[in-house]
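A short write-up of the structure that comes next.
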């Protein structure tokens, strides 16, 4: 059962969400069932990049992670693309047996039994601005598959007022889930413009807007966090 | 028992440490037993600003917080100066009775019985670059006063290699404490230059250095986080 791997890099720090700042190695899988309008990892999403994705065994992935981390266990972050499309159960068992822990980020469109083996699961359904539709039944199936074992967080990306209203409604349906709001990066680097310099002023303005918007509504249950790696490394790959 | 208050503002988000991104109202007390070389809140530290600090009762402080938060309970962050110099037990009782929770940040130089009433306590002993000396006995007294109730985090600010080595040693002495490392802002705004524009490139370079330094050492138990408010609001007061 090989796993399609777009890239493995680190150790660096997690740049977003509930685990922001935590040292981690990223394992990014290739392939996605979504195509978000503002996707910042098209190289791991679009079929035209398929030849760049290496089919790897769980053993080969862990060998690479162990080399990067000097055999010192740390958090492995599974991202994509949509890592939920891959057969990751063996990787989780092998990594755990070596003392590593796992966080995974997925949009919640595909449930897998092995979600229950994760240590952290970030479910990030996509808002209207992405062009994708939120499917609550599939999302609930992901929650059910995860069960009680992983710490589950809801992360909602917000580009505009319509996304904000959508996020309020989704969050109200899952009041028991810890919640992170993240301002959308409107102009991510793309395969065609990998060196695009982010307009940090625009990005910061968006974060300030989101803080003002949420606090004016007295929406105090949501953490609001930017993508640190965009602020710090400007979308550069491999950090 | 009046409390010396430098400023009360919010709701905004916590910009640093383990609670980064959490909506909060800040209650900043006036007065400090330290004078760190790179202090970013001298207006709440130096005796020459004493006349700017309002003596307030717990009731008056909570009235202000309730007005700011529209009576909707949220996290109150107690900062300073050194808030551990103030009589805060009544404020904690009153706030809790209204549903508010409390996080406090202090250098760990002064212990108070009421630490045990806090929900979160960040102990941030100062590194060599501050010009202040770390006193382990006083720090341990703070830990003992806190007991089991608050979630205690160790936050270490790092300006240079000497601070980094010091941080490694301190962290090794408290392996059970969750740890955050924070790159020092070398040029904070001061009362004389309140509008100083932070050199974000220099600040980011320092964060990148710290991430590289810690990951090269395979120091994976420490979260590494910048001061978001500096990146986003550029040291501006009141946000």
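The values are calculated or read from the model by the stated rules, or taken from the named source; none is laboratory data. All of these numbers come straight from a predicted model, not from anything done at the bench. Backbone-built Cβ (ideal geometry, glycine too); neighbour counts: all protein chains shown.
Of note:
- Within the stretch A:79-103, the set of residues being closer than 20 Å to residue B:222 by Cα and in contact (Cβ under 8 Å) with a residue 40 or more places away in the chain comprises A:103 only.
- Residue that is farthest from the other protein chains (Cβ to nearest Cβ) [pool: residues in the stretch B:196-228 that are modelled with pLDDT of 90 or more and within 17 Å of residue A:201 (Cα to Cα)]: B:227
- Among the residues of the stretch A:41-87, the ones that are assigned to a helix (DSSP H, G or I) and within 14 Å of chain B (Cβ to nearest Cβ) come to 4 in all.
- Tally, over the stretch A:17-40, of residues that are more than 10 Å from chain B (Cβ to nearest Cβ), assigned to a loop (DSSP other than H, G, I, E, B) and under 22 Å from residue B:208 (Cα atoms): 1
- Number of residues in the stretch B:205-226 that are free of Cβ contacts under 8 Å to residues at least 12 places away in the same chain and either in contact with a strand residue (DSSP E or B) (Cβ under 6 Å, 6 or more places away or on another chain) or on the phi < 0 side of the Ramachandran plot (or both): the value is 6.
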